[in-house]
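Trainee: Provided herewith is a single structure, encoded as structure tokens, for subsequent inquiry.
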């Protein structure tokens, strides 16, 4: 993630795809750690352990990309929104041929039905 001396708008490399995916999920709805785990299980087919999810949530919170409320629902901070936008742009720069890749994905064919 970002180090404290980086510019706020410089692209910060994600520690892993899980951080990116968590930011994406939370950008759509405030979620608890358990809700994030359930959504990841639906997407990946296996349930990530709390030892996987909560350290990432803690890291993202410490970097001021996430915050949580009294109900322990996480949401993006302004900085988190900016980081997600930069990361989405970087993702599409990297996978500029994603539509071609999608045509080979069995999950995509299933979603169209």
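Coordinate-derived values only; no laboratory data. Bear in mind that the values here come from a model prediction, so they are computed numbers and not experimental data. Ideal geometry is used to build each Cβ from the backbone, glycine not excepted, and the neighbour counts take in all protein chains shown.
Trainee: If I stretch the segment between residue 34 and residue 89 completely, what's the gain in nm (0.36 nm per residue apart, minus their alpha carbon distance), one decimal?
Mentor: Here the segment from residue 34 to residue 89 would lengthen by 17.0 nm.
Trainee: Send over the semi-axes of segment 17-112's equivalent ellipsoid, whole angstrom and largest first, taken as the square roots of 5 times the C-alpha gyration tensor eigenvalues.
Mentor: Taking √(5λ) for each eigenvalue gives 25, 18, 11 Å, largest first.
Trainee: To make sure I understand, if each residue's beta carbon is the centre and we count other beta carbons within 10 Å, what order do 86, 23 fall in, fewest to most? Show your work: numbers first, answer last.
Mentor: Details: 86 15, 23 23.
Arranged by neighbour count, lowest to highest, 86, 23 become 86, 23.
Trainee: If I model a spin label at residue 54 and residue 24 as a point 7 Å from the Cα along the Cα→Cβ vector, what separation in nanometres do I get?
Mentor: 2.6 nm
Trainee: Then there's this: Please work out how much length the chain gains when fully extended from residue 69 to residue 42, using 0.36 nm per residue of separation minus the C-alpha to C-alpha distance, in nm with one decimal.
Mentor: 7.2 nm
Trainee: Using Stokes-Einstein with the Kirkwood hydrodynamic radius over Cα pairs, what translational diffusion coefficient do you get for segment 57-101 at 4 °C and a viscosity of 1.567 mPa s, in µm²/s rounded to a whole number?
Mentor: In µm²/s, the coefficient is 109.
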